[in-house]
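The values are calculated or read from the model by the stated rules, or taken from the named source; none is laboratory data. As the structure is a prediction and not an experimental result, all values here were calculated from the model. Every residue, glycine as well, gets a Cβ built from its backbone with ideal geometry; the counts of neighbours run over all protein chains shown.
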Amino acid sequence: MQQLFKPNKAFAKDARIKNMCEYEELAEWAKEDYEGFWEHFAKEKLDWIKPFENVLDESNAPFVKWFDGGKLNVATQCIDRHLDSRKNKAAIIFEGDRGDKQIITYLELYYNVNRFANLLKNEFNVKKGDRVVIYMPMIPEAAYAMLACARIGAIHSVVFGGFSAEALRDRIEDADAKVVITADGAYRKGKPYMLKPVVDKALEENTPIEKVLVVQRNFEDIEWVSGRDYSYNELITSQAPVCEAEAMESEDPLFLLYTSGSTGKPKGVQHSQAGYILWAQMTMEWVFDVKENDTYWCTADIGWITGHTYIVYGPLAMGATTVMFEGVPTYPDAGRAWKMVEEYKINQFYTAPTAIRVLHKMGEDEPKKYDLNSLKVLGTVGEPIDPPAWRWYYEVVGNSQCSIVDTYWQTETGGHIISPIASATPIKPACATLPLPGIMAEILDPETGEKVEVGQKGYMCVTRPWPSQIRNVWGDEQRYKKSYYGDVKKDGKAVYFTGDGAVYDENGYITITGRTDDVINVSGHRLGTAEIEAAIKKHSNVAEVAVVGKPHDIKGEAIFAYVVLKSDNGVADEVEELKAINNTIKQEIGNIALCDDIIFAPGLPKTRSGKIMRRILRSLAKGEAITQDISTLEDPSIVAKLEALIQS
């Protein structure tokens, strides 16, 4: 039996959830009175402009409604309601890549967001329901932009700043956005990099974009398109610091966030107002137990859901101090993150296993050089963490005193769904442990819909709707139903399937075993194999391609591509072809999707009906013996040929 690490008693003593008895009471309350449970917290945590009339409407499932009839504004949840008691408290601590710093109080945040909202309304005619794409670095103006959209009822869609012009254009067009907010560039590892030229390229073809707002961060030379491009730095100075917040229906869309799926087209995950902000706040309070005087740091980028929920919306909704960091934790050296923990007296530190592995590898003894005694909780997100990295994180970074919350959730879930509670849950290395109270999560047998036995692998599902879940795939209801409610039924009813496999242990704890679909998790970021394959196929000499994931010590998974070239004579110049294919991926998606391994194959293992046998390709990439029957393949000899190529 795996060792259990119990929470720090001194930390648990004053926590919101002090022990497993209190956890079980909350979980039982939700089980026995589901709607009453959520009604209580919605009334306790949220400030309503108009009270809701109905807690949950499942009459049109899976298109559910939470807190129907209620009206509120997410920006006022995050800012206005704190002004009486916290106006001079730090809302955001920003540290730039080069060490420049800003502390933004709640009152300053209020003024900055209001000015931004007025700019969008008055200068760009952005109205309730309009879509605004945000393509920004990790600077405070990115948070201002998100909150300004929320204040006036515009729907924001943040696109990760590492995505290419083509990927940005795809998202602009799918959202039918009218405005792009970007920056000239930013800094990374001490050097400037550019964003505005990527936007320019994305808008070369016809798009719905009418205006581009540019935050001048590093003041590099950029092109300005007359009548389209405007300087935020110039326009913002004339905007009034007060803007009335729009009263939004509970189920109005708050934002879209595009994520990879099993087809080449990214999915616009649509989140609503009330349910999302409620769970963002509750999980901040329960999982991390952030208190009034704590300083909390999540190292994610706002281009991903982690940055939305656990840098901007969750911390600000509960009135916390949140840290935004522009740089990378290994620049100028592997002590950068620990220096910041010491300087800002960070209490909760939340990062990805990829970052932990890099910090461990580059500076195993670096944490010992800094005073990290302020730390109370360590968190991981994005992918399962391996036991060696977990132990280093626990013993060296946390001095064996901090709980590690190995949080499991997705873009689609809006917030944590399975996670230890730092103050209550005995933890196991690399284990997500238990569903949070109110989340009816079960591992089900996909054939029978029954809960699996201990040690039996099954599908990770949520059997009842919850407030922060995805509401739709933007503009594609059928894809929403097919993607999330088409695989598993319990008692004859379709339930939400996460796309992940999982297993119970003897304590009833849940360990996530990885994706069951064709999605690769690179450094905690989900990338659809179909999207990567579609990009590679745009290379003029590629006839066929199949992409799989391969275990990677740092990233968790790396991208492994099997490419069949059109050229009759094989590869004329293998090095040049490799570069050309990765350049195509860079142009179509971005650096995050570059292949670590590319094999130029004579063919792909296919059934006689033409289906590519990806299980075989995965096994070959991992160096595993092929145990499945290959006699039904169109050309069984192809397996040995691929194996020889990989080993050569």
Would you check if I385 is of a type outside the set (D, E, K, R) and part of a loop (DSSP other than H, G, I, E, B)? yes
Which condition does P353 not pass, out of (1) modelled with pLDDT of 95 or more; (2) within 23 Å of the chain's Cα centre (by Cα), if it passes all the others? (1)
Which one of the conditions (1) touching a strand residue (DSSP E or B) at 6+ places or on another chain (Cβ under 9 Å); (2) surrounded by 12 or more Cβ atoms within 10 Å (Cβ to Cβ); (3) part of a loop (DSSP other than H, G, I, E, B) does E39 fail to meet, given that it meets all the rest? (3)
Select from the range 311-337 the residues that are farther than 21 Å from G415 by Cβ and surrounded by 24 or more Cβ atoms within 10 Å (Cβ to Cβ) and list them in ascending order. A337
Selection over the range 96-110 where residues are under 14 Å from A143 (Cα atoms) and not hydrophobic (A, V, I, L, M, F, W, C) yields a count of 5
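This table checks each residue for (1) over 16 Å from H525 (Cα atoms); (2) in contact (Cβ under 8 Å) with a residue 24 or more places away in the chain; (3) assigned by TED's automatic domain parsing to the domain that holds V180.
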{"site": "N233", "(1), (2), (3)": "yes, no, yes"}
{"site": "L254", "(1), (2), (3)": "yes, yes, yes"}
{"site": "L257", "(1), (2), (3)": "no, yes, yes"}
{"site": "G268", "(1), (2), (3)": "no, yes, yes"}
{"site": "W279", "(1), (2), (3)": "yes, yes, yes"}
{"site": "Y296", "(1), (2), (3)": "yes, yes, yes"}
{"site": "H308", "(1), (2), (3)": "no, yes, yes"}
Pairs please, first residue from the range 33-60 and under 15 Å from I439 (Cα atoms), second anywhere and among the charged types (D, E, K, R), Cβ atoms under 8 Å, 6+ apart in sequence or on different chains. Y34/R464; L56/E35; L56/K65
So V519 clears everything in (1) modelled with pLDDT of 95 or more; (2) in contact with a helix residue (DSSP H, G or I) (Cβ under 8 Å, 6 or more places away or on another chain); (3) not aromatic (F, W, Y) except one condition, right? Which one? (1)
Within the range 124-160, residues in contact with a strand residue (DSSP E or B) (Cβ under 6 Å, 6 or more places away or on another chain) and aromatic (F, W, Y) come out as F124, Y135
For residues that are in contact with a strand residue (DSSP E or B) (Cβ under 6 Å, 6 or more places away or on another chain) and under 23 Å from A148 (Cβ atoms), tally how many sit in the range 47-69. 3
Does the range 209-237 hold any residues that are touching a helix residue (DSSP H, G or I) at 6+ places or on another chain (Cβ under 6 Å), in a strand (DSSP E or B) and not hydrophobic (A, V, I, L, M, F, W, C), and which are they? K211
If L119 satisfies every condition in (1) under 28 Å from K201 (Cβ atoms); (2) part of a loop (DSSP other than H, G, I, E, B); (3) not hydroxyl-bearing (S, T, Y) but one, which is the exception? (2)
